[in-house]
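Colleague: Below is a structure I'd like to ask you about.
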Amino acid sequence: MIDRSVISRIIDTAQIVEVIGEFVTLKRRGANYMACCPFHNEKTPSFSVSPAKGIYKCFGCGKAGNVVNFVMEHEQLSYVEALKYLGKKYGITVEEEEEGPEAQANRLKHEAMMSASAFAQKYYNDSLWNTPMGKAVGLSYFRERGFTDATIRNFQLGFAPDHRDSFSKAALAAGHPQDILVATGLSIHRESESDDRPAYLTDRFYDRVLFSIHSLSGRVVAFGGRTLRTDKASPKYINSPESEIYSKSRSLYGLFFAKQAITRAQKCYLVEGYTDVLSLFQAGIENVVASGGTSLTTDQTRLIKRFAPQVTVLFDGDEAGIKASLRGIDMLLEEGLQVKVVLFPHGEDPDSFANSHSPKELLDFLNQSEQDFIGFKINLLLKEGAKDPLRRAQLINDVVHSISVIPDAITRSVYMEESARRLNVEEGVLVQEVAAQRRKRIFGNYHRELAPETEPPPAANIPVPSFITQTYCATAEKELIYYLLKFGQHTLFTRANLESGNSDITVAQYITAELRNDELEFQNLLYKNIFDEYSRISQASEQEQSRQEFKQEQPQQEPVKESADLEHQKYFINHPDIAVAEVALELLDDRHPITIKHYRDAMMPEELQIAKAVPKAVLVYKSKITGQAYNALCAHLEKAQAEQNQEQMSTLMEQIRILLRIRNAFSHELKRLTL
């Protein structure tokens, strides 16, 4: 236990904006600060930090707390470890009293692994600077690569001797337990090979120069080792394995050193290897990180997005390597990052170019050679498929896929217009294909591969621009909640699957997908809570039904979906929140008219009309919020004209032009869907 007065002092001293600002990019909004939440994937910032109250709150996933809670959640630390982290940061001594045996064991193991990793860094560093072989081989190699002693020391580079157990023996002699050395991956346990030789430890790294890999807080958690031998049987690089203190897919080499520069520049340069980072950093380009020579992961792209909205990927002249990396760049686009590309001359890479040019020449080259990724991809693919119709069709599909993953509707629209011109294809064709790709990605969440020749009900192929946010339209939101509660599990349309027959898309799936596709959220908090809770219980019901069907020989019959609707309705009518129960009762009352005329109700059951009514309700909702946004933009334009703000006037007029086109399309669709 830690004395309460010490805890209070830490909480009072720690600046929550300063602490959280080390991990995410905060932007001031009034009295608070906003950012994209570091605890879940989101495109629109909903993570709020209040310096006055000393708390944070994510309105998307619900995570909230004070500065200690944030450090615990983000760094995966215990309460005591988080207090020690903050105490060390602010110079407050933290002494703890007795703790439980399990917590103590976990803490001691984590600390032991970190201690072993720190010992390894010092051991390899000492081998580099203070042993004859380290100086002759390791230090000479780094200096020949152009790295200064300051860079070598700053990044804590090292050298592993050629003896296969020298580190393990030194670590054991220093008191580091064998199981901890194996757990960190620094040592490898070898089984007994004969009665004469018992089990023993060998070093993972030997006869290699080493690159220390740091956590976001600056502690060494892993290593990358490069051989200097010409023997092809030996792998060029070996890396620390995954462990409790190191996850390769969640790490970016150099991020600890680069994060402040990335935040200042609001741009991150992404390279492939360790030496690329070192050379660029040494040349003054400090906002640079490396993926570590592996395929980019989703967690790595989110790490970049925490600190900057723009990433520039640096490629060497190897076309085969570039094509292999294109898929990873699509992941950057999918996270909403602005992606640019720099292609180095043939035979050059970031490391060699930085060493053969002055810092000014390097910076000028990066600024002048930077190009948009979509344009870069078109140029690259056109080189090999300009005269081959089939190859040309394939490259158009590749470009369409890249555009389809971009979350921002305006950005997609601009790319489609430019790509149509560059590829000599009708823009309408690209719009259709991008919409089809996005539908496939969304409905793919339901684990169905849908046949492309059958289409969903016409209603929502028109994207809503991302600049439309926080537009309040309670009436339209209420109508969608009505269809969700009353017909959520009814089949809205069926698509043919060539392998497994027909696949159904329900009303709930359709509405959810349409809102998610345009990143729309209900602004009425009561309706939003109902929508979110419905999604949670619906997903749980689907998972349970899948488990039951797996156990049964015969598939479930269709009435199950109707009974599921009744179960959902019963749940919300009897909801413990009185406000939610009242909304459910009002909407599910047979006397409640939504959009269907009374005489039509009498003539035809409502469930037979949902194929048109639900898409129309979605379209009405989108039409109303775009209408309100249009009126607001017109008012802002008048103000900008009065202030003679030319830049703002140009932006607003472009947004108004986009909205007019979208509203006309909505109007056309609504006429077709009139009941």
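The values are calculated or read from the model by the stated rules, or taken from the named source; none is laboratory data. Quick caveat, the model's predicted, so the values are computed rather than measured. Virtual Cβ from ideal backbone geometry, glycine too; neighbours counted across all protein chains shown. Side chains included, ligands, DNA and RNA excluded: accessible areas come from the protein's heavy atoms. Shrake-Rupley method; radii C 1.70, N 1.55, O 1.52, S 1.80 Å.
Colleague: Looking only at the stretch 55-69, count how many residues are more than 23 Å from V80 (Cα to Cα) and among the aromatic types (F, W, Y).
Modeller: Count: 1.
Colleague: Out of curiosity, is D276 over 27 Å from S48 (Cα atoms), part of a helix (DSSP H, G or I) and in contact (Cβ under 8 Å) with a residue 24 or more places away in the chain?
Modeller: yes
Colleague: For residues that are under 16 Å from A258 (Cβ atoms) and modelled with pLDDT under 80, tally how many sit in the stretch 294-323.
Modeller: Summing the residues that are under 16 Å from A258 (Cβ atoms) and modelled with pLDDT under 80 in the stretch 294-323 gives 2.
Colleague: So which residues in the stretch 200-225 are open to solvent by 10 Å² or more (accessible area, probe 1.4 Å) and either outside any strand (DSSP E or B) or farther than 30 Å from Y85 by Cα (or both), if there are any at all?
Modeller: Y200, L201, T202, R204, Y206, D207, R208, S215, L216, S217, G218, R219
Colleague: Shifting gears a bit: Scanning for something closer than 18 Å to F155 by Cα and either polar (S, T, N, Q) or surrounded by 22 or more Cβ atoms within 10 Å (Cβ to Cβ) (or both), does the stretch 226-238 turn up at least one residue?
Modeller: The answer is no; no qualifying residue exists.
Colleague: Identify all residues within the stretch 648-668 that are open to solvent by 100 Å² or more (accessible area, probe 1.4 Å) and at pLDDT 80 or above; write none if there are none.
Modeller: Passing the criteria: only M653.
Colleague: Only one of (1) touching a residue at least 60 places away in the same chain (Cβ under 8 Å); (2) among the hydroxyl-bearing types (S, T, Y); (3) touching a Lys or Arg at 6+ places or on another chain (Cβ under 9 Å) is not met by S78, so which one is it?
Modeller: Every listed condition holds for S78 apart from (1).
Colleague: Evaluate the following for S249: is it under 29 Å from N287 (Cα atoms) and either of a type in the set (V, I, T) or assigned to a helix (DSSP H, G or I) (or both)?
Modeller: For S249, the condition - under 29 Å from N287 (Cα atoms) and either of a type in the set (V, I, T) or assigned to a helix (DSSP H, G or I) (or both) - is met.
Colleague: Suppose we filter V399, V431 for residues that are more than 28 Å from F315 (Cα to Cα) and modelled with pLDDT of 85 or more; which single one remains?
Modeller: It is V431.
Colleague: Another one. Does E73 count as open to solvent by 50 Å² or more (accessible area, probe 1.4 Å), over 30 Å from T230 (Cα atoms), among the acidic types (D, E) and in contact (Cβ under 8 Å) with a residue 12 or more places away in the chain?
Modeller: For E73, the condition - open to solvent by 50 Å² or more (accessible area, probe 1.4 Å), over 30 Å from T230 (Cα atoms), among the acidic types (D, E) and in contact (Cβ under 8 Å) with a residue 12 or more places away in the chain - is met.
Colleague: In the stretch 551-564, is there at least one residue being in a loop (DSSP other than H, G, I, E, B), of a type in the set (A, V, I, L, M) and modelled with pLDDT under 75?
Modeller: Just the residues of the stretch 551-564 that are in a loop (DSSP other than H, G, I, E, B), to begin with: 552-558.
In the following step, the residues that additionally are of a type in the set (A, V, I, L, M) were identified as none.
Checking the stretch 551-564: not a single residue is in a loop (DSSP other than H, G, I, E, B), of a type in the set (A, V, I, L, M) and modelled with pLDDT under 75.
Colleague: Moving on. Looking at the structure I just gave you, is D207 in contact (Cβ under 8 Å) with a residue 40 or more places away in the chain and more than 21 Å from K305 (Cα to Cα)?
Modeller: On the way: in contact (Cβ under 8 Å) with a residue 40 or more places away in the chain: yes; more than 21 Å from K305 (Cα to Cα): yes.
Yes: the conditions hold for D207.
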